[in-house]
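Chemist: The structure is given below, and queries will be raised subsequently.
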Amino acid sequence: MKLAGVAVENAAFSFDKAFDYIITDELAQKAVPGVRVTVPFGMGSKKRLGVILTVFEGENRKGLKKISSVLDEEPLLNAEMIEMVFWLKERTFCTLYEAAKAILPAGINHRMVVSYTASGNKEAAQGLNAAESEVYNYIASKSGYVKRDAVLKALGLSSDCKTPDDLVKKGALFCNMDAVRNIGDASVRMLSLNDEMPDGVRITPKQKSVVDFLTDVGCATVKEICYFTGVTPAVPSTLVKSGAAHWVEFEVLRTPKPVDIERDETVIELSAPQQKAFDGIKQLMDAGKPEVCLLYGVTGSGKTLVYLKAIDKAVADGRSAIVMVPEIALTPQTMKRFRNRYGKKVALFHSALSAGEKLDEWKRAKRGEATIIVGTRSAVFAPVENIGLIIIDEEQEHTYKSEQSPRYSAKDVAKFRASKNSCLLVLASATPSVESYANAQSGRYSLQTISTRYGSAELPEVITVDMLHEERAEGSASISRKLFDELKQNLDNSMQSILLINRRGFNTFVACNSCGHVITCPYCSISMTYHHANNRLMCHYCGYSEDFRTECPECGQKSVRYSGFGTQKVEDELSKLLPEAKILRMDTDTTTGKDSHERMLKQFGEGEYDIMVGTQMVAKGLDFSNVTLVGVISVDQQLYNDDFRSLEKTFSLLTQVVGRSGRGENKGRAVIQTITPENSIIRLAAKQDYEEFFRTEIKIRKALIYPPYCDICVLAFIGENEIKVKAASQQALGMVMDYTKGEYKNEKIICLGPRPARVSKISNKFRYRLIIKCRNNRNIREMISKILIDFGTKFEFSSVTVTADMNPESII
Ligand code: ADP
Ligand code: ZN
């Protein structure tokens, strides 16, 4: 009889596998590999979602259940993707369903809901026929949008009735399409006040602050409410129970706005160094073999133009292409560039798209309408076939590694796809990761280099300011005299400046001057940050906040001191130092709205601001020719954290941000403020000398045995009971020791720890980690899997979550 192997949702890792189900005759046509199904699961046979991975002939046996229903007309996963599901499980220690879910678009569990409202256009509503009038009058009699289903039902019309659409065409109605979540309950809810407060409801002060806030803003998510009022998430719920407010139930997601495409058909004229790099890439593409090429080009060398040429070639060869850019660098600039050049052939895969938009773009790729995929990490799973080229821009960026299950690296997935499609993978950067550059040196990757900026642009001149000795600008704690002078000069010359400060908030450290008590989050082992915007102390890890205070909670003295600066403080100081300057602050507090990031960058590009102050998000990828000054307020924090990658990250950040300056006709400057000007990383970044950086860094990695001289697997232990968490981590160390003495004795490993993570408690959960230096091979992965499965079945550790991450971005 016909059986299917099904990946089932919410299966625990310790018993996860492809579960066998019977395919009944009625479902035989539709139940093929790659479709989603519902299946009865577990003791109670509750319905769960699943994906068919295999179909085979097998024997009926006791307890075998039947597939309940098939959800898709056509498979969502092709053979390559199904193979990838198994590959992801083996590589990243996730369940098969988690792997399938990562590959499928987020919007897949949504359905589209169409609704209409009267347009208010009186002329268009003239001269309607009887059927149209009936529909029009019904909709016009309602306030707001009416769902299509409701209209059809109320008027007894058939489901394929075209009348409402005709009215939309005539301009009498507006139509709206929303995606609503079909299965599950993970949607974002917004709270909105009821029109009238029910009688006899007593409102606490906390609830009052929420009511006042909602009166101001209309509706808000729980997260926003908590940020601005400091209440806990329980307060909004109480308001709903008492009848004062209600949830706006479904996540309402708009389908993509039609974008204007200004057809760009300019012929790209590559410069000589660009042409040389492109020729190398072209040759590798023609070879039609799985290959990796590192494109190392300094900031402003015009790597994008080389990408475009290479994509042109893939298109001419009749093959598809995937281009990935880091999260923060997927600017409207980049998207527009691709859209203008390739029109509808481009599909965007971006985490900031709504679920409905994601689904739409995914479908266009799946149907073969879009063959050029531009996007962030998840674009690597785009359902395109016959891939001719994959490009990963700024390949060293940490956003290419997923921090949640499945903990995959987009670079590894891209290699998998390159090998399945026999195509070229291009890793590009001005500051490649040490691992990639080492691979290029050893010949495992081929290397193309562009060592000069495009055209007449030169690399900026960099000034290092010693903050221990240098004077500050009048009344400022964060800005030196030198940086101030440069900013002033740029302002006078109508040039723009970018300032980097990699912490958000106002004051980043709050402590008592009398007793030394540091104000930390009660739930996390991290100090609180003062935010000016809401006048509160905030925890950046769990979102807890409390009122601004001057009195110490420990000793009661009025001597709490606020120090350390974040973006808000720098913005504040600047506005006093340069009152005539128009300042734009960009950090995750100012860019929460869906399009605000995009809007801000557009305004800055149009010259509406003089200075942009922000976190990492201003450091990378931006290309504004009018920016001739970059200032780094401080990076010392980043430089001295204990992660083995912190030097590489600081070097990259500095080089990248400095590279935003002087990209146009005017020469650029950069000012780096630091308390350790003699530090070699700062010196090398000032010179933009990547090769020298690499030579020193690779020596350190070799001496201390870090990647590329080993792989690192981090086992993380998380739970509320610290004793159990610690015990679990120690037991894991014992297991690793036993395994490497016995079954896996040929594997060489070095264990560090177990020890508490740098932030040892988040949201009241303790975190321990065991660092295993090893070789990422099948044996080691099998051993790690066994350990995870073991923990999954240990009752004594049921309160401890154990996860494994192979080559995580950070090990602290
Ligand atoms: P990178 O990504 O290497 O830092 P970009 O690709 O952003 O550099 O290019 C820097 C600037 O130089 C961009 O404004 C780009 O349009 C321009 N540029 C680079 N190469 C060319 C070229 N061959 N023709 C025209 N403009 C170019
Ligand atoms: Zn916290």
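Chemist: May I ask you to list the residues in the range 425-453 that are assigned to a strand (DSSP E or B), closer than 19 Å to residue 410 by Cβ, of a type outside the set (Val, Ile, Thr) and within 16 Å of ligand 1 (Cβ to nearest atom)?
Modeler: Result: 427, 428, 429.
Chemist: With respect to residue 679, determine if the residue is within 16 Å of ligand 1 (Cβ to nearest atom), surrounded by 15 or more Cβ atoms within 10 Å (Cβ to Cβ) and of a type in the set (S, T, N, Q).
Modeler: Judged against the criteria, residue 679 is not a match.
Chemist: In addition: May I ask you to list the residues in the range 3-16 that are surrounded by fewer than 14 Cβ atoms within 10 Å (Cβ to Cβ), on the phi < 0 side of the Ramachandran plot and assigned to a loop (DSSP other than H, G, I, E, B)?
Modeler: Listed by number, the list holds a single entry, 12.
Chemist: In the range 41-72, which residues are at pLDDT 90 or above and acidic (Asp, Glu)?
Modeler: 57, 59
Chemist: Any idea how many residues of the range 555-592 are farther than 25 Å from residue 605 by Cβ, free of Cβ contacts under 8 Å to residues at least 24 places away in the same chain and surrounded by 14 or more Cβ atoms within 10 Å (Cβ to Cβ)?
Modeler: 0
Chemist: Within the range 533-554, can you find the residues that are exposed (fewer than 14 other Cβ atoms within 10 Å of the Cβ) and within 16 Å of ligand 2 (Cβ to nearest atom)?
Modeler: Within the range 533-554, 547, 553 meet the criteria.
For (1) within 16 Å of ligand 1 (Cβ to nearest atom); (2) crowded, with 20+ Cβ neighbours inside 10 Å; (3) among the basic types (Lys, Arg), each residue gets a yes or a no:
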| residue | (1), (2), (3) |
| --- | --- |
| 488 | no, no, yes |
| 493 | no, no, no |
| 499 | no, yes, no |
| 503 | no, yes, yes |
| 528 | no, yes, no |
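Chemist: Restricting attention to the range 419-430, does a residue exist that is modelled with pLDDT of 95 or more and touching a Ser or Thr at 6+ places or on another chain (Cβ under 7 Å)?
Modeler: yes
Chemist: Another one. If you check residue 20 against the conditions, is it closer than 25 Å to residue 406 by Cα, of a type in the set (D, E, K, R) and part of a loop (DSSP other than H, G, I, E, B)?
Modeler: no
Chemist: Do we find that residue 38 is at negative phi, modelled with pLDDT under 90 and either more than 37 Å from the chain's Cα centre (by Cα) or not acidic (Asp, Glu) (or both) in this structure?
Modeler: Yes, satisfied.
Chemist: Then there's this: Scan the helices (runs of 4 or more DSSP H) fully inside the range 57-167 and keep the ones with 1 or more residues being within 30 Å of residue 418 (Cβ to Cβ).
Modeler: 79-92, 96-103
Chemist: A follow-up question, please. Within the range 631-655, can you find the residues that are modelled with pLDDT under 90 and buried (at least 22 other Cβ atoms within 10 Å of the Cβ)?
Modeler: Across the range 631-655, the qualifying residue is only 635.
Chemist: Just checking: which of the strands (runs of 3 or more DSSP E) contained wholly in the range 555-637 hold 1 or more residues that are more than 16 Å from ligand 2 (Cβ to nearest atom), under 25 Å from the mean Cα position of the chain (by Cα) and at negative phi?
Modeler: Fully inside the range 555-637 and qualifying: 583-586, 611-614, 627-634.
Chemist: If you take the residues of the range 491-532 that are of a type in the set (Phe, Trp, Tyr) and assigned to a loop (DSSP other than H, G, I, E, B), which of them is nearest to ligand 2 (Cβ to nearest atom)?
Modeler: Looking at the filtered set, the residue picked out is 523.
Chemist: Got a sec? Which of 284, 305 is under 22 Å from residue 373 (Cβ atoms), within 9 Å of ligand 1 (Cβ to nearest atom), touching a residue at least 60 places away in the same chain (Cβ under 8 Å) and surrounded by fewer than 23 Cβ atoms within 10 Å (Cβ to Cβ)?
Modeler: Going through 284, 305 in turn, just one is under 22 Å from residue 373 (Cβ atoms), within 9 Å of ligand 1 (Cβ to nearest atom), touching a residue at least 60 places away in the same chain (Cβ under 8 Å) and surrounded by fewer than 23 Cβ atoms within 10 Å (Cβ to Cβ): 305.
The values are calculated or read from the model by the stated rules, or taken from the named source; none is laboratory data. This one's a predicted model, so the numbers in the text were calculated from it and none came from an experiment. Positions of Cβ are backbone-derived with ideal geometry, glycine not excepted, and every protein chain shown enters the neighbour counts.
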